[in-house]
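Worksheet for the structure shown next.
Just so it is clear, none of the values below were taken in a lab; they were calculated from the coordinates. None of the values given here were measured: they were computed from a predicted structure. Glycine also receives a Cβ, built like all others from the backbone with ideal geometry; neighbour counts cover every protein chain displayed.
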Ligand SMILES: Nc1ncnc2c1ncn2[C@@H]1O[C@H](COP(=O)(O)OP(=O)(O)OP(=O)(O)O)[C@@H](O)[C@H]1O
Ligand SMILES: [Mg+2]
């Protein structure tokens with residue numbers, strides 16, 4: 001379970017998160033939407049302990065992330081899969097080596113890491129590219145390699161930051177299908193951060209819309225019209 005209580009984050013005089021309260025149940029998948037610059041990435045970085053909030057509480061799996069010491073945090077992070085905005089692969093390593101990394105760091109033997117990494121690459125349809133370097137991949141392939149790396153250690157928590165940004169519609173479609181497929185086959189508690197409305201429709205059971213540092217809407221996509229801010233973002237007003 002992920003639980004945020006009155007989370008606030010200020011950068012100097014810039015208040016980015018202004019009291020976010022949110023609970024995500026174990027195994028649940030939630031899409032967090034909001035305009036560019038609203039603080040989606042900051043929120044995610046707070047949850048995984050990369051940024052310290054100004055105030056409020058962050059709980060992940062019963063651990064208080066914002067108060068955790070480095071050791072506790074490192075232990076918790078082994079249970080995280082993080083798909084970064086921009087795939088964040090290491091250029092000097094092959095695709096296979098990149099995907100193996102979380103396992104190697106966790107002390108898994110090279111042989112087992114290699115086997116699991118190849119399986120993860122197969123699930124994102126990138127098996128044939130295992131020996132390539134990131135520079136030799138297209139944007140979509142890089143994203144898929146990033147996803148393979150995030151899932152290789154079978155995380156309890158899966159975080160996607162803008163999984164489809166910068167991709168053409170056809171490649172985006174491939175990522176949608178892949179995410180949907182993984183969501184059905186993994187038990188991970190999943191947060192998808194995006195401004196892609198298609199993702200909100202695809203994982204529409206629960207969508208959280210952020211505006212002005214707060215949760216402006218939290219519920220199924222079908223009820224989005226009950227929030228003026230969210231309707232406006234979705235362009236529902238235009239269709240009427
Ligand atoms: N390390 C930082 N120091 C100071 N300000 C920051 C820092 N990180 C983010 N910000 C500010 O926080 C705000 C929210 O940034 P964030 O990256 O979370 O937006 P976002 O919703 O993810 O946008 P996008 O959809 O474009 O990715 C911005 O005003 C940004 O300038
Ligand atoms: Mg962002």
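Summary table
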{"quantity": "Proxy reagent accessibility, fewest Cβ within 10 Å first, across 143, 9, 119, 45", "calculated": "119, 45, 9, 143"}
{"quantity": "C-alpha long axis of helix 169-185 to longest principal axis of the chain, angle in °", "calculated": "80"}
{"quantity": "Label-point gap, in nm, between residue 36 and residue 228 - each point 7 angstrom along Cα→Cβ", "calculated": "2.7"}
{"quantity": "For the chain, calculated [θ]222 nm from helices alone, where every DSSP H run of n ≥ 4 adds -39500 (n - 2.57)", "calculated": "-10500 deg cm²/dmol"}
{"quantity": "The range 91-154 - Rg (one decimal) and Dmax (whole number), Cα, Å", "calculated": "10.4, 31"}
{"quantity": "Stokes-Einstein D (µm²/s) once Rh is taken as the Kirkwood radius of the chain over alpha-carbon pairs, at 20 °C in 1.002 mPa s", "calculated": "116"}
{"quantity": "Nearest 10 degrees, 0 to 90: helix 110-123 Cα axis against the chain principal axis", "calculated": "50"}
{"quantity": "Convex hull volume per residue in cubic angstrom - Cα atoms of the range 185-239", "calculated": "93"}
{"quantity": "Contour excess over end-to-end distance, with Cα ends at residue 6 and residue 70 and 0.36 nm allotted per residue", "calculated": "20.7 nm"}
{"quantity": "Gain on full stretching of the segment that runs from residue 122 to residue 78 - 0.36 nm per residue minus C-alpha separation", "calculated": "13.6 nm"}
{"quantity": "Equivalent ellipsoid semi-axes, the range 121-184, via Cα gyration tensor eigenvalues times 5, rooted, Å", "calculated": "17, 15, 11"}
{"quantity": "Gyration tensor over alpha-carbon atoms, the range 156-218, equivalent ellipsoid semi-axes in Å", "calculated": "20, 16, 10"}
{"quantity": "Volume per residue that the Cα convex hull of the range 1-144 spans, once the total is divided by residue count, Å³", "calculated": "145"}
{"quantity": "FRET efficiency, residue 215 to residue 136 (Cβ-Cβ, R0 45 Å, nearest 0.05)", "calculated": "0.60"}
{"quantity": "Ranking of 133, 217 by count of other Cβ atoms within 10 Å, fewest first", "calculated": "133, 217"}
